[in-house]
Amino acid sequence: MSSLASRSLRQAARTAVRALPKAQAAPFSLLAARAAVASRATPTPSTTFTRGVKTLDFAGEKEVVYERSDWPLPKLQEYFKNDTLALIGYGSQGHGQGLNARDNGLNVIVGVRKDGESWRQAMEDGWVPGETLFPIEEAINRGTIIMNLLSDAAQSMTWPEISPLITKGKTLYFSHGFSVVFKEDTKVIPPTDVDVILVAPKGSGRTVRTLFKEGRGINSSIAIFQDVTGQAKEKAIALGVGIGSGYMYETTFEKEVYSDLYGERGVLMGGIQGMFLAQYKVLRANGHSPSEAFNETVEEATQSLFPLIGQYGMDYMYGACSTTARRGALDWAPVFEKANLPVFEKLYQSVKDGTETRKSLEFNSRKTYREDLAKELEEINNQEIWRAGKTVRSLRPDHKEEGQ
Ligand SMILES: NC(=O)c1ccc[n+]([C@@H]2O[C@H](COP(=O)([O-])OP(=O)(O)OC[C@H]3O[C@@H](n4cnc5c(N)ncnc54)[C@H](OP(=O)(O)O)[C@@H]3O)[C@@H](O)[C@H]2O)c1
């Protein structure tokens, strides 16, 4: 990006950096300086407000964003005063969403397999057997809003028992479009006389909880699959706020599940592991040491560049790096784009035609699921790149490996 606005922004940042005392004029000072001028130089995005609801211009496309500020606690509690939120499943999302809704003063109960790991975990978090913690079927019978937060494979496996309990007047809630969209494979076909809604937090359940406790709130997607009462959308927004969302974007069940499965297989996880590995292997094959190959591939990316890209964008990164790095990165980006485009197209197709869902259901429903997964993760753990990474990480002053 080389618009006049961004050029003058960069110029202003450089001037601000030059004005700083020498000791501060490191790359991070450049950042701080840019932040200081950004508020003046960045054009304000065009925004239309209707109370907390905003229409925002995302790169030329207008989208509606729903905000927590429209739902102060007394209004939220009044709205759900006759409801019982029955959270079915207490994994990462059950934990985060359940505790947030409870702290928001809503009437929440948890339904999980009696005496399983989740039952134990729920008791640890203060859910009381017979009062707020029940076996799955009993919780569904007691609930008016049934929040299906079982693992996606378990949603499919348990559907024959759960489905008849979702009676008229109840609301069926998901945090992923998976089960409903791929119904040919999951066999999850909601009853036709209930509202079916989705609130999908854009992050792990642990983050749903920590952001709530910090008073911030996670961003979530909301969607409506079936609206029999005419209230489905309002309920989805209110539930989004109830479980701890700060902002909510509107989508459909299909788009939510397609983008989610695609993203995690692509740049978020699968793509990045493949890219790291390919770059590392070529460095090693050309005689670079494991530490050098790791530092140049993973450490610098995760510790320095990715946070900057996250905070200020890619154009900023190009502007803030050395002229040598900039020239090469500008030249090679289109080469990588061209090489990767067919892979991403193939991946999207594989998500859309259900191949990814079938693979996931098959694998995650195996009796040997835990052992099979452990074997594959051990393989990654044993890859030279990640073994080298352990030693590199141990040198960080704030080093802590998981479990420490
Ligand atoms: N995790 C995320 O980052 C995330 C983010 C956004 C949306 N979501 C969506 O949120 C939903 C819940 O995900 P999650 O990650 O929180 O859940 P999870 O950890 O995958 O699921 C755990 C729950 O499923 C139960 N379960 C597993 N197999 C079962 C079976 N055969 N019968 C009964 N219960 C069974 C477990 O109970 P036991 O302890 O008794 O085995 C546990 O309570 C999913 O739709 C997921 O796609 C997840």
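Exactly one of (1) in a helix (DSSP H, G or I); (2) hydrophobic (A, V, I, L, M, F, W, C); (3) within 12 Å of the ligand (Cβ to nearest atom) is unmet by ALA200. Its number?
Failing condition for ALA200: (1).
Does SER175 satisfy being near the ligand (Cβ under 9 Å from one of its atoms) and in contact (Cβ under 8 Å) with a residue 40 or more places away in the chain?
When the stated conditions are applied, SER175 passes them.
Please work out which residue is most open to solvent (accessible area, probe 1.4 Å), limiting yourself to the range 120-130 and to residues that are under 20 Å from ILE243 (Cα atoms) and near the ligand (Cβ under 9 Å from one of its atoms).
So, considering only residues that are under 20 Å from ILE243 (Cα atoms) and near the ligand (Cβ under 9 Å from one of its atoms), the one most open to solvent (accessible area, probe 1.4 Å) is GLN121.
For (1) under 17 Å from ILE145 (Cβ atoms); (2) surrounded by 23 or more Cβ atoms within 10 Å (Cβ to Cβ), each residue gets a yes or a no:
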{"position": "GLU161", "(1), (2)": "no, no"}
{"position": "GLY217", "(1), (2)": "no, no"}
{"position": "ASP227", "(1), (2)": "yes, no"}
{"position": "GLY242", "(1), (2)": "yes, yes"}
{"position": "MET248", "(1), (2)": "yes, yes"}
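Going by the conditions given, is MET157 open to solvent by less than 10 Å² (accessible area, probe 1.4 Å), among the aliphatic types (A, V, I, L, M), within 14 Å of the ligand (Cβ to nearest atom) and in contact (Cβ under 8 Å) with a residue 60 or more places away in the chain?
No: the conditions fail for MET157.
If I ask for residues that are free of Cβ contacts under 8 Å to residues at least 60 places away in the same chain and part of a helix (DSSP H, G or I), which ones from the range 282-296 would you list?
VAL282, LEU283, ALA285, GLU292, GLU296
Taking the stated definitions as given, is PRO342 part of a helix (DSSP H, G or I) and either within 30 Å of LYS183 (Cβ to Cβ) or basic (Lys, Arg) (or both)?
Yes.
Restricting the search to the range 80-119, which residues are part of a loop (DSSP other than H, G, I, E, B), open to solvent by less than 30 Å² (accessible area, probe 1.4 Å) and either under 28 Å from SER69 (Cβ atoms) or touching a Pro at 6+ places or on another chain (Cβ under 9 Å) (or both)?
Result: PHE80, THR84, ASN104, LEU106, VAL112.
Quick one: what pairs do we get from the range 197-211, first residue at pLDDT 95 or above and β-branched (Val, Ile, Thr), second outside any helix (DSSP H, G or I) and near the ligand (Cβ under 7 Å from one of its atoms), C-beta under 7 Å, 6+ apart or different chains?
Qualifying pairs under 7 Å: VAL199/SER175; VAL208/PRO201.
I'd like to verify a number: residues in the range 85-109 that are within 15 Å of PRO201 (Cβ to Cβ) and within 7 Å of the ligand (Cβ to nearest atom), how many?
5
The values are calculated or read from the model by the stated rules, or taken from the named source; none is laboratory data. Values in this document were obtained by computation on a predicted structure and should not be read as measured data. Glycine gets a Cβ as well: all are built from the backbone with ideal geometry, and neighbour counts include every protein chain shown. When the accessible area is computed, the model is the full protein with side chains, heavy atoms only, and any ligands, DNA or RNA have been set aside. Shrake-Rupley method; radii C 1.70, N 1.55, O 1.52, S 1.80 Å.
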